[in-house]
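Written out below as structure tokens is the structure these notes cover.
What follows is calculated from the coordinates using simple rules that are stated; it is not laboratory data. Treat the numbers as computed from the prediction; the structure is a model and nothing was measured. Glycine gets a Cβ as well: all are built from the backbone with ideal geometry, and neighbour counts include every protein chain shown.
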Amino acid sequence: MEKKEDIQYCFQDRNSSCRKALLSTSIYITLYIFFSLISAVTVFLNILVIISISHFKQLHTPTNLLILSLAVSDLLVGLIVIPVTTVAKMERCWGFGKYFCVFQFYISFLCTSLSLGNLVLISIERYVAVCDPLLYHSRITITRIIFLPLVNSLINPIIYAFFYPWFKVTAKLILTLKIRGS
């Protein structure tokens, strides 16, 4: 049974508040270090891929341009999604406000769906290369490969808006700045 003085609340000045999770300090620090390392490695390696493909002309192939697009979307995951999701999962009390909570959820979904869309594009490109190698160079051109990730990044939010009602509401609230603190 918890003693009255052992209970900590998220917002001490309110009558009703959620309880803070009491993790041991060593577990808390270990988890933060672990997720920080994952984020740092993700960012570093994706920057390495971006620089390599951008710098060397011989790497400017259709497959590598799709990998470049995947590296950019994964860089966003490493810079935005992993750190913010780590804080959201580790801290039971959300201290950044309702607007940032909704915005974080929206951006996390968008970045991860862009990565998944790029993986689908790479799969399609590899399928054409393996199953139809004689027509590969006429079907898969640099212009089409540059165009497809752009379409992917524009189509994903529209698809989510049609299939997930909460996504449409979130986008509307973000664009109209109608979210207010409770």
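Fully extending the segment from Phe105 to Val41, taken as 0.36 nm per residue of separation minus the present Cα-Cα distance, adds 20.8 nm.
The calculated FRET efficiency for Asp132 paired with Lys57, based on their beta-carbon distance and R0 = 30 Å, is about 0.65. The relative contact order of the stretch 4-176, computed from alpha carbon pairs under 8 Å that lie at least 6 residues apart in sequence, is 22 percent. For the stretch 63-134 versus the stretch 40-58, the spacing of their alpha-carbon centroids is 16 Å.
Calculated FRET efficiency, Trp94 to Leu116, Cβ-Cβ distance, R0 = 35 Å: about 0.85 to the nearest 0.05. Under the convention that each Lys and Arg Cβ holds +1 and each Asp and Glu Cβ holds -1, the size of the dipole of the stretch 44-141 around its Cα centre is about 160 debye.
Quote to one decimal, in nm, the extra length available between Arg139 and Phe163 on full extension: 0.36 nm per residue of separation minus the C-alpha distance between them. Could the numbers behind the result be given before it?
Numbers: separation 24, 0.36 × 24 = 8.64 nm, distance 3.06 nm.
Contour length minus the Cα-Cα distance gives 5.6 nm.
Ranked by the mean number of other Cβ atoms within 10 Å of their residues, highest first, the peptides 136-148, 68-80 come out as 68-80, 136-148.
Taking a ≥ b ≥ c as the square roots of the eigenvalues of the Cα gyration tensor, the stretch 4-176 is classed as prolate, since a/c reaches at least 1.5 and a/b is larger than b/c.
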